[in-house]
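Please read the structure below before turning to the comments.
The values are calculated or read from the model by the stated rules, or taken from the named source; none is laboratory data. Quick caveat, the model's predicted, so the values are computed rather than measured. Cβ coordinates were reconstructed from backbone atoms using ideal geometry, including for glycine residues, and neighbour counts include every protein chain displayed. The protein model used for the area step is the full one, side chains on, heavy atoms only, and it has no ligands, DNA or RNA in it. Shrake-Rupley method; radii C 1.70, N 1.55, O 1.52, S 1.80 Å.
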Amino acid sequence: MPVRRLDPLLIDRIAAGEVIERPAAVVKELIENALDAGARRIDAAIELGGRKLIRVIDDGSGIPPEDLELAIERHATSKLPSGDLSRIATLGFRGEALPSIGSVAALEISSRAGGVPHGFKIRVDQGRKQALAPCPHPQGTTVEVRGLFAATPARLKFLKSDRAEARACADAVQRLAMANPHVRFSFTSSETAIFDYRPQSNENPLLARTADVLGQEFRANALPIEAQREGFGLSGFAGLPTWHKPNAAAQYLFVNGRPVRDKLLAGAVRAAYLDYVPPGRHPALVLFLICDASEVDVNVHPAKAEVRFRDSGLVRKLVIGALKQRLQEARHLATPSHGQGAIGQLAREICGGGQASLNPRADWDWRASPSHSGVFESTAGYDAPLLAAAPAANIAQEAPPAPAQIDAPLGAARAQVHETYIIAQTRDGIAIVDQHAAHERLVYERLKAARAGGAIPSQALLIPAVVELGGADAERVQDAAGLFAQFGLLTEPFGPGAVAVYEIPAALKYADVPQLIRDLAAALREDDCATDPIEKRLSLVLATMACHGSVRSGRRLSGEEMNALLREMEKTPGSGQCNHGRPTYIELKLADIERLFGRR
Ligand code: ADP
Ligand code: MG
């Protein structure tokens, strides 16, 4: 076949395939244009998930009549006055959005620029342009897109349900709204929640807008981030690790005000939270990276969703460093909403549901509760280094606790109940600590610190333990022998399908060694570690060891043991959640408890 030039409509449709892959992409491009035009108010509306109609109205600069026809031409833009691609300061610059949309839908733009007595409108229907015509319009621009992909059924087939497309459109608006808190944004659709964010101008507009988008709960679960490094600035809010989500949809990343889905940034977030969030779960966070325009190339993706940094190592270090430090400073913080949620639930049950709801659920059997003493009876003790042997008693103190203890963040231990939970009295409330979850985290951090210090105290077994595993698991364990050795766990192959254990980490001296090895093999199996980065393998191994080294539910603790646990939690980073991301304690505020009893 001879080579020939493609006709312009076909070229536009090919470009449209990359720029406009779904309705949400149209919404994003139109709102970016409105923001580039300096709009203070942007109203977006869609019908049938955007397939029937997408309308975006702005009060920006408007388009002068002489530019309207050009605006819908391919590669026509007003945004690269100097032609310098290395210093892009606008959201748009490729001049592709409007012609792409016009080639796969019916596009109508009505606009009035400042100083022009009335508006003008122009239409492009599946690539066919119509003449410019006058129309009434206030200053600003209205863009309507109807029948998206009607002429390209192949595209239409790839769309998800109207509801899913509507949600993606809402997400596109929300991401841009988050980066522009001073602009009023509204979104209307019959398929998903609508919103109207008023312009934020208080002292922290970004936090206020973030709370608009992610809900007020985010405020209580967010740690402010602020860091600088060699011309790069990072700010935003990191969600507490216990407030984790099933996917990364609640991660909002911006580079110079542009929402991005960047692998490098997403990877840095994952690495920073690795120790805190359970596998398969994702933190919520909002991060704004600001840098000189020349440090970042935004022209690497047709939809401008990805970016490339000149010094990606620096960016990675900045993000990981800032997040890790903040998460560590937060130390024992667990999600405050856990405590509030519990109180709210109680209040509803007591005040709303009447007596019946105070009865246990019909299918609830106390014998099956993990808290039932005896179920997990174990000899493992809590080996806080300073502990003198204390008689086991589950009333922590007869005398009133010392003020110094009460004023500590986790308070003074007053009792242990169900051999599982420590009840502590704080200055203004009650903390309930899950002893196993908390101790597991402490052992994890202790092992990690010891490894970083290069010396994990280990302990030789008098008689090596031989563990039968079966071929594949035994191989996995043998492959990881070097890794285990770093933690003081020495293993060797012992005939086909078995390993012998000679030494174990001292922190695991009470552990059931064969079960530990079997669980390690299972952990390695689960994640197919051969392909995982070493950091991830390390944390899996650590988590499994920590679980085995920790005091079980069902173990009685003395008062001193309980208080030692609380004090160690307070000084250990990340102790607010266990290695599985569950909170290790909740705090009930006295004010809330008093409200429950009608005292307030
Ligand atoms: P780009 O945004 O990359 O320049 P577009 O195809 O999205 O390309 O838009 C083409 C041009 O149309 C823009 O450069 C801008 O001058 C003008 N334009 C589009 N939408 C608006 C708007 N809402 N307000 C003012 N001008 C607009
Ligand atoms: Mg544009």
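Side notes on the structure shown:
- Phi to ³J(HN,Hα) by Karplus 6.51 cos²θ - 1.76 cosθ + 1.60 over the stretch 221-230, Hz, x for Gly, Pro: 10, 10, 9, x, 10, 8, 8, 10, 6, 6
- Rounded to 0.05, the FRET efficiency of the VAL417 and PHE158 pair, given R0 = 56 Å and the Cβ-Cβ distance, is 0.50.
- The charge dipole of the stretch 491-600, taken about the Cα centre with unit charges on the Cβ atoms of Lys, Arg (+1) and Asp, Glu (-1), comes to about 580 debye, rounded to the nearest 20.
- The equivalent ellipsoid that matches the C-alpha gyration tensor of the stretch 383-595 spans semi-axes of 37, 18, 14 angstrom, in descending order.
- Cα Rg, Dmax (largest Cα-Cα span) when computed across the stretch 1-155, Å: 15.3, 54
- Considering only HIS282, VAL296, THR210, and ranking their Cα positions along the charge dipole of the stretch 205-329 that arises from unit charges at the beta-carbon of Lys, Arg, Asp and Glu, the one farthest toward the positive end is HIS282.
- The alpha carbons of the chain give a radius of gyration and a Dmax of 29.9, 96 Å, in that order.
- Top positive-direction residue, dipole computed over the chain with Cβ charges, set GLY115, ALA34, LEU566: GLY115
- Taking the average, over residues, of other Cβ atoms within 10 Å as the packing measure, peptides 404-413, 296-305, 569-578 rank 569-578, 404-413, 296-305 from highest down.
- VAL255 long-range amide H proximity, modeled H, under 5 Å: VAL260, LEU289
- Remark: for residue pairs LYS245/LYS324; LYS157/LYS304; LYS263/LYS317, the C-alpha separation exceeds 21 Å in LYS157/LYS304.
- For the chain, DSSP calls about 90 percent of its internal beta bridges antiparallel.
- Distance from the Cα centroid of the stretch 412-483 to that of the stretch 1-67 is 55 Å (rounded to whole angstrom).
- Remark: relative contact order (the stretch 8-197) = 28 percent; criterion is Cα-Cα distance under 8 angstrom and separation of 6 or more residues.
- Distance distribution note for the stretch 422-486: the fraction of Cα pairs above 18 angstrom is 65%.
- Rough spin-label spacing in nm, given labels placed 7 Å along Cα→Cβ, for GLU69 and LEU590: 7.8
- In terms of packing, defined here as the mean over residues of other Cβ atoms within 10 angstrom, the peptides 499-510, 469-480 line up highest first as 499-510, 469-480.
- When +1 charges are put on Lys and Arg Cβ atoms and -1 charges on Asp and Glu Cβ atoms, the dipole computed for the stretch 383-595 relative to its Cα centre reaches about 320 debye.
- The portion of the accessible surface of the stretch 64-148 made up by carbon and sulfur, rounded to a whole percent, is 53 (1.4 Å probe; DNA, RNA and ligands excluded).
- Once the 1.4 Å probe is applied to the protein heavy atoms, the chain comes out at 48 Å² accessible per residue.
- Considering only GLY482, GLN174, CYS547, the residue lying farthest towards the positive end of the dipole of the chain is GLN174, judged by Cα position with unit charges set on Cβ.
- q = 0.17, 0.21 Å⁻¹, the stretch 205-329: log10 I(q)/I(0) [Debye, one scatterer per Cα]: -0.84, -1.27
- A protection proxy built from the mean count of other Cβ atoms within 10 Å ranks the segments 306-313, 234-241, most packed first, as 234-241, 306-313.
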